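Data first, discussion second: the structure below is written as structure tokens.
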Amino acid sequence: MHCPFCQHTDTRVIDSRVSEDGATIRRRRGCEACGERFSTLETIELKLPVIVKSDGGREAFDARKLRVGFDRALQKRPVPEERIEAAVRAVVHQLRMSGEREVPSIRVGEFVMDELRKLDHVAYVRFASVYRSFEDVADFRDEIEKLERDHPSDDGQLPLLERPQVQEARPGKGGRR
């Protein structure tokens with residue numbers, strides 16, 4: 001690596017430290033010629049596939065767009081940030097593991113729906129309604145029934161179609177005087 005101060009080509013690593021998340025290595029370097037010290041960050045660079053849009057256009061994968069999609073679907077839902085980040089990482093991992101140079105956007109959407117289905121059923125239905133262009137209430141009902149049939153709420157999620165029981169007001173309690 002060239003020295004940023006004198007452009008000499010011989011620098012040596014003095015110290016290396018792995019970041020807390022394990023994704024980067026910080027290296028402290030020293031220049032053999034001028035004696036100046038500087039730091040570098042080393043990260044893994046993996047090529048993600050190009051996304052092929054439904055209109056045939058192609059664009060580089062953008063993890064920020066993926067995160068925005070999750071955030072919109074999960075807006076005002078009680079899902080911890082760590083689980084959302086894990087879901088985003090899972091989709092990126094699936095894309096990397098596909099081994100393909102190009103991936104249709106529809107497949108990315110399916111990956112997102114799979115993760116949302118695990119996180120929050122309401123967020124899943126929100127995303128699916130836009131992604132699959134639901135036309136009417138029947139489309140929502142069909143998707144909810146399929147979701148409850150195929151993925152019963154055994155993970156602490158509330159049922160989608162059942163209504164909570166409303167307690168009847170007892171005379172003399174909470175009424176106006």
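The values are calculated or read from the model by the stated rules, or taken from the named source; none is laboratory data. None of these values were measured; they are calculated from a predicted model. For neighbour counting, all protein chains shown are included, and Cβ atoms are generated from backbone atoms with ideal geometry for every residue, glycine included.
Given the conditions (1) assigned by TED's automatic domain parsing to the domain that holds residue 129; (2) surrounded by 13 or more Cβ atoms within 10 Å (Cβ to Cβ); (3) of a type outside the set (D, E, K, R), which single one is not true for residue 93?
Going through (1) assigned by TED's automatic domain parsing to the domain that holds residue 129; (2) surrounded by 13 or more Cβ atoms within 10 Å (Cβ to Cβ); (3) of a type outside the set (D, E, K, R) one by one, residue 93 breaks only (2).
Taking into account only those residues within segment 5-37 that are under 30 Å from residue 60 (Cβ atoms) and part of a strand (DSSP E or B), which is farthest from the chain's Cα centre (by Cα)?
27
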